[in-house]
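Enquirer: Before we start, here is the structure in question, set down as structure tokens.
The values are calculated or read from the model by the stated rules, or taken from the named source; none is laboratory data. In this text, all values refer to a predicted model and were calculated from it rather than measured experimentally. Virtual Cβ from ideal backbone geometry, glycine too; neighbours counted across all protein chains shown.
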Amino acid sequence: MSAQTLIKDALSTDRAGLDALLGSVGDMGDALEAAVDLVLGAEGRLIVTGLGKSGHIGAKLAATFASTGTPAFFLHPVEASHGDLGMVTPADVLLALSWSGETAELSDVIGYAKRRSVPLIALTGEGESTLAQAASVALVLPKVREACPHNLAPTTSTLLQMAMGDALAIALLQKRGFSEESFHGFHPGGSLGAALKRVDEVMHKGADLPLVGVAAPVIEAIGAVSAKGFGIVGVTDGDALVGVITDGDIRRYLEGQAEATMKGALQDTSAGDIMTKGSVTFRSDIIAGEALSILQGRRISAAFVTESNKPIGLITLLRLLNRGAA
């Protein structure tokens, strides 16, 4: 069989597993509500544990919970048996992953949870297992065939653990009212951090703003476009932005003035005569990624940032891309 066929077969098995998980959510309803309520009501942290492939999934889930508003960390069950159980307090909630529910290395964690009355959520494939029976809440995943042709290597089962853990994280995110601004606080670095910055953190401002008055001659608007290099100039009436002129507007205007005198075309015509009204503007608190999407969707390269219709900044595609807001 070709590699393409083998991969397609494995993905089909995974999809069947995910379909089974989605179909089982209704049966898990009460347990899911209880799990979310336990974590929301905890004064401490969500402590995720598991061994082997389940442990790798657990470490990823702990990172996802922590970055979406639920304080969390991963506890290795073997290290837990050698002193790290001291990290766990009755104010915390434990989330233990084991497909079989019989992982021997989890026994000390389970026993500690019972002795210290630490709420324990089980994420397992066996409802009658030791882990499920010891848990405060058992999230029992549907029994599925692994994508492994021998039905041995954890593949589809780990996919289901990941999917359910991520779904819990998103449910908690929404219950907490975790916003884009909250994401920025937890993701200040990298492209995600750049995309979640507010435009007032990256915009051009002050003396960099290309602005002319509504009565200014066209030659002054051309000078502002050339001097600032943004391909746009804002037209103001007092403090208010009333329109914009782009280098394209200027080019089209001059093409239509072939029969006019130089003085008439450049000095006797005002910026207000050739400006475009109703241009796109942004609030100062809009997220950079959203601003980038709007500029790309409208096929424009720059827009002013306004406050009470007063221009306070300019954001450009180039600025956003250079700051990593892709």
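Enquirer: Can you run down the residue pairs with Cβ atoms below 8 Å, 6 or more apart or on separate chains, where the first is in the range 280-307 and in a loop (DSSP other than H, G, I, E, B) and the partner is hydroxyl-bearing (Ser, Thr, Tyr)?
Expert: These pairs meet every condition: Arg283/Thr306; Ser301/Thr316.
Enquirer: With the condition kept exactly as written, say whether any residue in the range 268-280 is surrounded by fewer than 16 Cβ atoms within 10 Å (Cβ to Cβ), under 19 Å from Val199 (Cα atoms) and at pLDDT 85 or above.
Expert: Yes, the range 268-280 has at least one match.
Enquirer: Let me ask something additional. For Thr5, are the conditions met, namely being surrounded by 17 or more Cβ atoms within 10 Å (Cβ to Cβ) and not basic (Lys, Arg)?
Expert: On the way: surrounded by 17 or more Cβ atoms within 10 Å (Cβ to Cβ): no; not basic (Lys, Arg): yes.
For Thr5, the condition - surrounded by 17 or more Cβ atoms within 10 Å (Cβ to Cβ) and not basic (Lys, Arg) - is not met.
Enquirer: Can you find a residue in the range 284-301 that is within 15 Å of Leu320 (Cα to Cα), of a type outside the set (Ser, Thr, Tyr) and over 23 Å from the mean Cα position of the chain (by Cα)?
Expert: Looking for residues that are within 15 Å of Leu320 (Cα to Cα), of a type outside the set (Ser, Thr, Tyr) and over 23 Å from the mean Cα position of the chain (by Cα), one finds at least one in the range 284-301, hence yes.
Enquirer: For the range 194-253, how many residues meet the condition of being among the aromatic types (Phe, Trp, Tyr) and either outside any loop (DSSP other than H, G, I, E, B) or under 12 Å from Pro311 (Cα atoms) (or both)?
Expert: 1
Enquirer: Evaluate the following for Leu152: is it assigned by TED's automatic domain parsing to the domain that holds Ala10, modelled with pLDDT of 95 or more, over 14 Å from the mean Cα position of the chain (by Cα) and not hydroxyl-bearing (Ser, Thr, Tyr)?
Expert: It is false that Leu152 is assigned by TED's automatic domain parsing to the domain that holds Ala10, modelled with pLDDT of 95 or more, over 14 Å from the mean Cα position of the chain (by Cα) and not hydroxyl-bearing (Ser, Thr, Tyr).
Enquirer: Among Gly69, Gly50, Gly101, which is at pLDDT 95 or above, touching a helix residue (DSSP H, G or I) at 6+ places or on another chain (Cβ under 7 Å) and within 22 Å of Leu173 (Cβ to Cβ)?
Expert: One residue alone meets the criteria, Gly50.
Enquirer: Sticking with this one: State all residues of the range 155-183 that are modelled with pLDDT under 90 and in contact with a helix residue (DSSP H, G or I) (Cβ under 7 Å, 6 or more places away or on another chain); if no residue qualifies, say none.
Expert: Residue satisfying the conditions is Lys175 alone.
Enquirer: Tell me, yes or no, whether the range 68-75 has at least one residue that is among the small types (Gly, Ala, Ser) and surrounded by fewer than 16 Cβ atoms within 10 Å (Cβ to Cβ).
Expert: The answer is no, given that none of the residues of the range 68-75 is among the small types (Gly, Ala, Ser) and surrounded by fewer than 16 Cβ atoms within 10 Å (Cβ to Cβ).
Enquirer: Tell me the residue from Ala134, Ala169, Ala122 that is without any contact (Cβ under 8 Å) to a residue 40 or more places away in the chain, crowded, with 22+ Cβ neighbours inside 10 Å and not β-branched (Val, Ile, Thr), please.
Expert: Result: Ala122 is the single residue among Ala134, Ala169, Ala122 that is without any contact (Cβ under 8 Å) to a residue 40 or more places away in the chain, crowded, with 22+ Cβ neighbours inside 10 Å and not β-branched (Val, Ile, Thr).
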